[in-house]
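S.K.: Please read through the structure below; I'll follow up with questions.
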Amino acid sequence: MPTGLVECIPQLAEKKVLVIGDVMLDEYITGTATRMSREAPVPVLELESRRHIAGGAANPAATIVALGSQAIQVGVVGADEAGQRLRGILRARDIDSGVITCAGRPTTVKTRILAQMGLRFPQQITRIDTLTRAPIDAETEAEISAFVNGQISSVDAALLSHYHGGLLTPSLVVRLRTLCAANDVLLTADVQGDFETFAGLDVIKCNADDARRALNREMTSDAEFRQGALDLHERLGIQRVTIITRGGQGATWAAGGRACHCPAPRVSDVYDTVGAGDTAIATITLGLAGGLSAQDAVRLANIASGIVVRHLGNYAPTPEQMRQGIMAAL
């Protein structure tokens, strides 16, 4: 990892990014496992703590702010307590809100039940999701489009964070693509396996399993992933960069008829992979908006994701942690 990458970190700051997607509230309920239940073969937990974190599309927004840039969150919540709590968390994280309340939809909540067992981090037992996957209605779509239209001339990039929660409909993505193209604004997306919806964007990111399914072929070697990235890039008409993230192996990107693999830094203490992909697309978006090459943007994303997996739940790395991560990878 070249020391010159440290000098790239300031390029991630002082940008303004619209983050549009499926926002959610992550709830962590932690208890101590004291005994087995007499009612069923499950542990009984005595409650220790309950905490809430902004999740889904709010996670890349948090990373953008932590790295010194401004995020404007666009999404929908329900007219419920969870929606109010999520709005409060966004305010506390200095994330500007363009969140719309839809009375007919619940706020998406992911409740994780964790058991404290004497290890560094508690272990997740199960997760309960409260959500709807129904597409947003035409009125909500028009309201989101109008909000974005009012902001688009003042931003450096727009990031689409897709969690299959009904917000990023194909018709809304077309509207957003048109607005960004007309205003020369970088448009990126974490496609989460929904490739065709995001065809024609400037930048897309997917993980290795989704890339394999999309191409209907096995890929294991760097060479196979380089060809896969090139094939996705061409098939989808991506304008700038296509990135396939590969967990501990790093990421492979394709742009301008060439492809390259960027290894990940060695991480021995992986505790939770939640949010690593969100951090990657946020870092790549900031890097490209800041004038970095695809190579340097992806390398920085690998460093940032390597920091996140050392923490439980969504985590936003700081510039100083990025610097330390780069130096540790030398």
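S.K.: If you roll a 1.4 Å probe over the stretch 111-201 with all protein chains in place, what percent of the accessible area is carbon or sulfur?
M.R.: Carbon and sulfur together cover 50 percent of it.
S.K.: Can you tell me which lysines have their Cα less than 24 Å from the Cα of K110? Leave out same-chain residues fewer than eight positions away.
M.R.: K205
S.K.: Over the chain, what is the mean sequence separation of C-alpha contacts under 8 Å (at least six apart), divided by residue count, expressed as relative contact order in percent?
M.R.: With pairs under 8 Å counted, the relative contact order is 18 percent.
S.K.: Round to a whole number: what % of the accessible area of the stretch 1-101 belongs to carbon and sulfur, probe 1.4 Å?
M.R.: 48 percent
S.K.: If you don't mind, there's one more thing I want to ask. Diagonalise the Cα gyration tensor of the chain and give the resulting equivalent ellipsoid semi-axes, square root of 5 times each eigenvalue, largest first, whole Å.
M.R.: Sorted largest first and rounded, they come to 30, 26, 19 Å.
S.K.: Find, to one decimal place in angstroms, the Kirkwood hydrodynamic radius of the stretch 286-330, where the mean of 1/r is taken over every pair of different Cα atoms and then inverted.
M.R.: Over the stretch 286-330, the inverse of the mean reciprocal pair distance is 11.0 Å.
S.K.: What aspartates and glutamates sit close enough to K15 to cross-link, taking a C-alpha to C-alpha distance under 13 Å and skipping anything fewer than 8 places away on the same chain?
M.R.: Here the aspartates and glutamates satisfying the reach criterion relative to K15 are D156.
S.K.: Compute, for the stretch 173-330, the length of the dipole vector about the Cα centre, with Cβ point charges of +1 (Lys, Arg) and -1 (Asp, Glu) only. Units Debye, rounded to 20.
M.R.: 200 debye
S.K.: Order the following by accessible area, largest value first: R213, R35. Probe radius 1.4 Å; ligands, DNA and RNA are ignored.
M.R.: Reading off the accessible areas and sorting them downward yields R213, R35.
S.K.: Got a number for carbon plus sulfur as a percent of the stretch 203-311's accessible area, 1.4 Å probe?
M.R.: 43 percent
S.K.: Spin-label point model (7 Å from Cα, Cβ direction): what's the M36 to E14 distance in nm?
M.R.: 6.2 nm
S.K.: Multiplying the sequence separation of Q124 and T111 by 0.36 nm and subtracting their Cα-Cα distance, what value in nm do you get?
M.R.: Between Q124 and T111, full extension yields 3.6 nm more.
S.K.: On full extension of the chain, what length is gained from R258 through D137, given 0.36 nm per residue of separation minus the C-alpha to C-alpha distance?
M.R.: 39.5 nm
S.K.: Continuing with the same structure: Using a 1.4 angstrom probe, figure out how much accessible area the chain has per residue, in square angstrom, rounded to the nearest whole.
M.R.: 43 Å²
The values are calculated or read from the model by the stated rules, or taken from the named source; none is laboratory data. Source: prediction; values computed, not measured. Cβ sites come from the backbone with ideal geometry, for glycine too, and all protein chains shown count toward neighbours. When the accessible area is computed, the model is the full protein with side chains, heavy atoms only, and any ligands, DNA or RNA have been set aside. Shrake-Rupley method; radii C 1.70, N 1.55, O 1.52, S 1.80 Å.
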